[in-house]
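Below: the structure, in structure tokens.
The values are calculated or read from the model by the stated rules, or taken from the named source; none is laboratory data. These figures come from a predicted structure and were not determined experimentally. Cβ sites come from the backbone with ideal geometry, for glycine too, and all protein chains shown count toward neighbours. Heavy atoms of the whole protein, side chains included, go into the accessibility calculation; ligands, DNA and RNA do not. Shrake-Rupley method; radii C 1.70, N 1.55, O 1.52, S 1.80 Å.
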Amino acid sequence: MIRLENVHKSYPTKSGRKVILREFSGAFENSRNVGILGHNGAGKSTLFRLLSGAEAPDRGRIIREGRVSWPLGFSGGFHNSLTGRENVRFICQIYGASYREVLSFVEDFAAIGRFMDMPVKSYSSGMKARLAFGISMALNFDYYLIDEVVAVGDAAFKKKSKTVLSERLKSSSVLLVSHSAQLLKEFCDVGGVLHNGELVFYPTIDEAIAVHEANQNATI
Amino acid sequence: MVNALSTCLRTIGALCRREMLTRFGKYRFGYIWAFIEPVLYIVAFAGVRSFVGSSSPFGENALLFFLIALLTFRTSMSIVRRTGGAIDANMPLLALPPVKTFDVVLARIVVEAVTWSVVSVAFVLGLWTVSGLWAIARPDVLLPGYLAALYLGASLGFLVAMLTKLVPFFDRFMALISLPLMVMSGIFYLPIAMPPQFLAVIWFNPFLHAVEWVRSGVFYTYEPVLSRGYLLWFATCCLFLGLLLNKLYQRRLYSTA
């Protein structure tokens, strides 16, 4: 379980402080896969950084029981001057995982070939996403924080990543940010909508999607 | 608790490895450069001396007088400069929750301190081999002096790392003052023989005290301009100020946005 107690988070923008979470208390349970919705700039990425522990809240506490992944997205987590292989090694070392096992899985899964020996700065964003997703699937996290990177690339790769994720979700949970309603419906049991500093949970993902769409239309 | 400590040690280990891989880009030329740089200074110094034809500022071996000071200064200053850029250079890795600003800074201190210690030892041994002179008269003075230089580099470097992140253009400022500081560290001249007005200014440069401390471990009869207390207090104040800033501005330092 990831429990949030009176968590408050805001950050400064050009037009004053933007509140991401206003004194929020609640929990992400480990048997539930949660789809997170919110318009661009609502703070979904910041929420993930808070949940992972990469960033501290302004006030309040976040209690994590179990291992939480870093926010898996198109950026962050890799050092640009290091090669893919060196980045894999770095991540294995900090998480105390076997480099050889993870590497063989990632090479096979991400299928980016000789790019493994090139600096990450030469990668396309899709390749970075494949690498990040591959590494995280090789490590055993109890919670995966995934920001849009489940299904990138061609149809065959999409299928492969969905299969691997489904396998993982037998023992782990996912918190998924996605603009794809179909993907959310496929993997998530419940939904949360982040809107104007409030995070509201809904018992089904369909309901969350409906609320989110209503919010979108209201702001337009 | 034990778990947290082992995660922290693993992280620092991984960061040290990463620093060594990228210290000078992908050509891995950096380690050779660390040796070439002092050699270039020596060549320039020897060239100027043969041109001017002056005698050694102190003792018989001018090269020793100069080299020891240069290595001490470069050790300390390199740690400051490298550590100062630690957070910016590792921003993407701070997205990984186990990686904390403190680890990133510490890893750079360790790598730079080890690099320059090895370079310094190599040069002292090299000089010993070439000239046949055992350079160090009082290892019991030299060693604490060199450790004080490392301590100054680490503490000031930690503070600079915080300031670089919090104050715009602070890295430019550091780049600007590092040469004057080198000139004011008594590397090329005998500090005690300087005019009092000049001495009154350079006395406040902590690097001068580190250089003089190490030098007084090399020559038996050396008269240094040295306040060990000033050096150690200066470094300790930097360390505490750095820790304070790290605590106060934790959110701004951690934030990757």
**Complete:** Pairs returned, first residue in segment B:88-110 that is over 14 Å from B:GLU19 (Cβ atoms) and at the interface with chain A (Cβ under 7 Å from one of its Cβ atoms), second residue that is open to solvent by less than 10 Å² (accessible area, probe 1.4 Å) and modelled with pLDDT under 90, beta-carbon separation under 6 angstrom, 6 or more apart or interchain, are B:ALA95/A:ALA54; B:ALA95/A:GLY77; B:LEU96/A:GLY77; B:PRO97/A:ALA54
**Asked** Among the helices (runs of 4 or more DSSP H) contained in segment B:80-166, which hold 1 or more residues that are open to solvent by 30 Å² or more (accessible area, probe 1.4 Å) and under 18 Å from B:CYS237 (Cα atoms)?
**Response** B:101-131, B:139-166
**Request:** Check off (1) touching a Ser or Thr at 6+ places or on another chain (Cβ under 7 Å); (2) more than 7 Å from chain B (Cβ to nearest Cβ); (3) not aliphatic (A, V, I, L, M) for A:GLY134 and give me the number that stays unchecked.
**Result:** (1)
**Asked** Give me the pairs: first residue in segment B:224-239 and over 19 Å from B:ALA200 (Cβ atoms), second residue part of a helix (DSSP H, G or I) and open to solvent by 30 Å² or more (accessible area, probe 1.4 Å), beta-carbon distance under 8 Å, and six or more apart or on different chains, which are they?
**Response** B:LEU232/B:TYR151; B:ALA235/B:TYR151
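Before we move on, is A:SER52 in contact with a Pro (Cβ under 6 Å, 6 or more places away or on another chain), within 11 Å of chain B (Cβ to nearest Cβ) and under 14 Å from A:SER136 (Cα atoms)?
On the way: in contact with a Pro (Cβ under 6 Å, 6 or more places away or on another chain): yes; within 11 Å of chain B (Cβ to nearest Cβ): yes; under 14 Å from A:SER136 (Cα atoms): yes.
Yes.
When the residues of segment B:179-197 are filtered to those that are of a type outside the set (A, V, I, L, M) and under 14 Å from B:GLU212 (Cβ atoms), which remaining residue is most open to solvent (accessible area, probe 1.4 Å)? Walk me through it before giving the result.
In the first step, residues of segment B:179-197 are kept if they are of a type outside the set (A, V, I, L, M); the result is B:180, B:185-186, B:188-189, B:191, B:195-197.
Going one step further and asking which of them are under 14 Å from B:GLU212 (Cβ atoms), we end up with B:185-186, B:188-189, B:191.
On the way: B:SER185: 0, B:GLY186: 0, B:PHE188: 85, B:TYR189: 37, B:PRO191: 0 Å².
Once the filter is applied, the top-ranked residue is B:PHE188.
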**Prompt:** What are the residues in segment A:59-102 that are more than 7 Å from chain B (Cβ to nearest Cβ) and either among the acidic types (Asp, Glu) or in contact with a Cys (Cβ under 8 Å, 6 or more places away or on another chain) (or both), if any?
**Reply:** A:GLU65, A:SER98, A:TYR99, A:GLU101, A:VAL102
**Message:** Of all residues being away from chain A (no Cβ under 11 Å) and open to solvent by less than 50 Å² (accessible area, probe 1.4 Å) in segment B:1-45, which is modelled with the lowest pLDDT? Just the residue, please.
**Reply:** B:GLY30
